[in-house]
Amino acid sequence: MQGTSEYQPRTGIERWIDSRMPLPRLMYDSFIAYPIPRNLNYSYAFGAILSLVLVVQILTGVVLAMHYAANSAIAFNSVEQIMRDVNYGWLLRYMHANGSSMFFIAVYIHMFRGLYYGSYKAPREIQWILGVILFLLMMATAFMGYVLPWGQMSFWGATVITNLFSAIPLVGEGITHWLWGGFAVGNPTLNRFFSLHYLLPFMIVGVVILHVWAFHVTGQTNPTGVEPKSRSDVVPFTPHATMKDAVAMVAFALFFAWFLFYLPNYLGHPDNYTLANPLVTPPHIVPEWYFLPFYAILRAIPSKLGGVIAMFASIIVLFFLPWLDRSKVQSAAYRPLYRIFFWIFVVNVICLGYFGAKPPEGWYVLATQLLTAYYFVHFLIIFPLLGYIEKPRPRPTSITEAVLSKHKSGGGGTPAEAAASPERRG
Amino acid sequence: MSANTYPTTVPDSAAAPDPHSSEPSRRDFFVIATGAAAVVAVAGLAWPFIDQMNPDASALALASIDVDISAMEAGQSITVMWRGKPVFIRYRTPEEVEAAKNTPLSDLKDPIARNDNLDSNAPATDENRAAPGREEFLVMVGICTHLGCVPMGEAGDYNGWFCPCHGSVYDTAGRIRHGPAPENMLIPTTAFSDDNTITIG
Ligand code: FES
């Protein structure tokens with residue numbers, strides 16, 4: 001996809017810059033002339049939405065840090081001061097707190113999009129791996145950010161999550177003391193979490209650049225899973241992707257604003273408006289909603305080390321998807337069986353999240369265990385097996401063909417139906 | 001080594017490396033020695049950056065605390081803070097002591113006492129868990145050995161402790177009976193300085 005550059009410097013200044021430091025050329029080739037498949041739908045807009053949310057988080061975070069004090073004696077009050085005294089402090093803090101939830105909503109849709117359209121398959125393995133690394137960085141950043149207000153949930157969330165490392169044989173206890181800077185979560189812990197919470201977003205920016213670079217080399221996937229073959233299969237990034245992304249970003253911003261102005265505390269926990277107390281654990285502690293599926297997996301295994309291993313494995317397994325999936329067909333639109341299992345998996349993850357928020361009692365425990373087992377069965381057994389037993393539907397020979405036949409058949413048809421029409425060959 | 005590709009200023013006589021010889025030359029030696037020194041230097045410099053995160057001198061200063069228990073009566077508990085952690089002191093009722101004593105060791109998930117006053121492999125009998133010489137008192141670090149929550153007292157199937165976080169159940173001697181926690185709750189170094197004062201640490 002990396003054709004020769006079409007950038008034409010028009011003014012003397014542009015020529016002067018271009019021969020010294022061709023940043024305008026890079027921007028032009030990447031975001032204006034860059035060819036994208038002509039059939040991208042709105043599920044492809046979440047990359048742009050994620051970039052927007054990242055910018056919002058960094059901007060609000062930098063200004064919040066001007067008012068926040070990372071000391072366990074005053075952190076809680078400094079957050080309340082932001083809410084009550086600082087000009088527009090309530091808005092900035094609610095933007096930042098809800099922004100993290102928006103970030104995860106967008107990233108989960110983005111990841112499921114990738115799973116559905118086979119975005120992890122060759123030649124995009126590195127891009128997928130960079131994506132999983134971004135997901136891990138996001139989780140670390142969100143976790144440490146949640147500790148900063150130093151409420152009850154902050155404190156006990158930090159305690160439980162850092163204690164995960166104590167499950168490691170021999171060195172576990174040393175690692176937890178090293179993470180805490182003491183013998184329990186305390187002021188040193190808060191200090192270092194603040195420092196890292198400020199650092200990690202910039203590492204995320206760095207990896208995002210690599211992630212975007214990678215897809216500028218391999219080209220984007222598209223709903224047919226057939227690589228663009230001719231000029232008629234692609235359109236220039238601007239205006240097509242630019243405008244589509246802009247519409248999606250505005251729609252997402254409205255969704256964000258709805259939470260921000262009408263339900264600013266809906267995704268949080270009331271317990272976190274109580275000052276951290278190392279002597280009392282709240283009766284029901286749960287992590288933020290975006291960690292619930294993984295938390296459910298942690299609790300499903302009735303052994304400390306086993307639970308921790310299962311939880312980390314549930315994310316590590318994502319790194320291996322490009323090699324676990326044996327099917328040659330990229331898009332689920334042409335994989336009748338995978339399409340069914342994909343949706344079962346989506347429901348599975350949502351159910352895991354639901355049970356992750358429930359107390360670990362009675363039949364919830366068994367249900368969580370079954371769902372956890374299925375999570376791994378999906379990736380480790382169903383994924384490789386489908387490649388051998390599934391009979392894919394015939395694929396269109398090109399994107400153009402898929403798009404045109406869709407319109408011929410009166411619209412409303414999916415590319416899959418269009419491709420299945422008899423005059424096509426696989 | 002690409003001594004034959006780039007012009008070199010090393011005089012021929014000064015053991016110029018012969019690209020076909022398998023004998024290590026003087027230059028190979030310097031390259032390896034410099035590389036090794038650089039690795040050691042980087043590792044040495046990295047250590048302060050890593051070690052600064054460990055508990056500092058003030059956290060390490062081992063504080064012991066004295067707790068006055070003269071006002072406690074059977075069935076009461078207090079929680080004190082020791083090294084940033086909660087420590088439970090429970091004045092157990094005779095029934096609680098009885099229940100703990102009558103539990104066969106084979107029923108325990110963790111058969112080791114986990115008592116800093118005793119051997120590291122002492123069995124988890126009630127005598128080995130209770131405060132020295134005062135079996136009605138149980139002094140232990142009130143931290144669930146699963147992931148560090150503080151369990152609730154007089155709760156759970158054994159009327160001992162119940163951890164709300166992931167459902168670990170402890171008996172009246174603070175021993176894990178079921179749930180994800182792997183070990184009995186820890187008994188810190190404890191001594192009675194007089195009849196009414198417990199020293200922890
Ligand atoms: S921390 Fe007590 S059961 Fe998990």
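Beta carbons closer than 6 Å, at least 6 apart along the sequence or on distinct chains, pair a first residue in region A:350-368 that is within 23 Å of B:Asp157 (Cα to Cα) with a second that is small (Gly, Ala, Ser) and outside any helix (DSSP H, G or I) for A:Pro360/B:Gly167. Of the helices (runs of 4 or more DSSP H) lying entirely inside region A:129-236, those containing at least 2 residues that are at pLDDT below 95 and farther than 30 Å from A:Ile74 by Cα span A:187-218.
When you scan region B:159-180, do you find a residue that is surrounded by fewer than 24 Cβ atoms within 10 Å (Cβ to Cβ), of a type in the set (Val, Ile, Thr) and closer than 18 Å to A:Thr281 by Cα, even just one? For region B:159-180, residues surrounded by fewer than 24 Cβ atoms within 10 Å (Cβ to Cβ), of a type in the set (Val, Ile, Thr) and closer than 18 Å to A:Thr281 by Cα: present. Cβ separations smaller than 6 Å between residues 6+ apart or across chains give the following pairs from region A:178-206 residues that are facing chain B (nearest Cβ under 10 Å) to residues that are outside any loop (DSSP other than H, G, I, E, B) and among the charged types (D, E, K, R): A:Ala184/B:Lys85.
Does A:Ser327 qualify as being free of Cβ contacts under 8 Å to residues at least 12 places away in the same chain and not assigned by TED's automatic domain parsing to the domain that holds A:Ser100? First the steps, then the outcome.
Working: free of Cβ contacts under 8 Å to residues at least 12 places away in the same chain: no; not assigned by TED's automatic domain parsing to the domain that holds A:Ser100: yes.
Considered against the rule, which asks whether it is free of Cβ contacts under 8 Å to residues at least 12 places away in the same chain and not assigned by TED's automatic domain parsing to the domain that holds A:Ser100, A:Ser327 comes out as no.
Pairs please, first residue from region B:166-179 and within 14 Å of chain A (Cβ to nearest Cβ), second anywhere and among the acidic types (Asp, Glu) and part of a loop (DSSP other than H, G, I, E, B), Cβ atoms under 8 Å, 6+ apart in sequence or on different chains. Hits for this filter: B:Gly167/A:Glu361; B:Val169/B:Asp157; B:Ile176/B:Asp110; B:Ile176/B:Glu183; B:Arg177/B:Asp157; B:Arg177/B:Asp171; B:His178/B:Asp157. Residue count for region B:103-162 under the criterion of being among the aliphatic types (A, V, I, L, M) and away from the ligand (no atom under 16 Å from the Cβ): the result is 11.
From the list A:Asn265, A:Asn272, A:Asn222, exactly one residue is of a type in the set (S, T, N, Q), assigned by TED's automatic domain parsing to the domain that holds A:Ser30, open to solvent by less than 30 Å² (accessible area, probe 1.4 Å) and closer than 30 Å to A:Gly186 by Cβ. Which is it? Can you show your working first?
Numbers: A:Asn265 fails: open to solvent by less than 30 Å² (accessible area, probe 1.4 Å); A:Asn222 fails: closer than 30 Å to A:Gly186 by Cβ.
One residue alone meets the criteria, A:Asn272.
Quickly run through region A:277-305 and pick out the residues that are more than 12 Å from chain B (Cβ to nearest Cβ) and not in a helix (DSSP H, G or I).
Once the filter is applied, which keeps residues that are more than 12 Å from chain B (Cβ to nearest Cβ) and not in a helix (DSSP H, G or I), region A:277-305 yields only A:Glu288.
Condition (residue is in contact with an Asp or Glu (Cβ under 9 Å, 6 or more places away or on another chain), within 14 Å of another protein chain (Cβ to nearest Cβ) and not in a loop (DSSP other than H, G, I, E, B)) applied to region B:87-94: is it met by at least one residue? No - not one qualifying residue is present in region B:87-94. When each of B:Ser106, B:Ser70, B:Ser58, B:Ser77 is tested for being more than 19 Å from the chain's Cα centre (by Cα) and within 14 Å of another protein chain (Cβ to nearest Cβ), the lone residue that passes is B:Ser77.
Please work out if B:Gly133 is open to solvent by 10 Å² or more (accessible area, probe 1.4 Å) and at positive phi. Quick ask: steps written out before the conclusion?
Values: open to solvent by 10 Å² or more (accessible area, probe 1.4 Å): yes; at positive phi: yes.
Here the answer is yes, as B:Gly133 does meet what is asked.
Of everything in region A:309-350, what is among the small types (Gly, Ala, Ser) and assigned to a helix (DSSP H, G or I)? Give them in sequence order. The answer is A:Ala310, A:Ala313, A:Ser314, A:Ala332, A:Ala333.
The values are calculated or read from the model by the stated rules, or taken from the named source; none is laboratory data. Small disclaimer: the values here were computed from a predicted structure and weren't measured. Positions of Cβ are generated from backbone atoms using ideal geometry, with glycine treated the same way; all protein chains shown enter the neighbour counts. Protein only, heavy atoms only, side chains kept; ligands, DNA and RNA dropped before computing areas. Shrake-Rupley method; radii C 1.70, N 1.55, O 1.52, S 1.80 Å.
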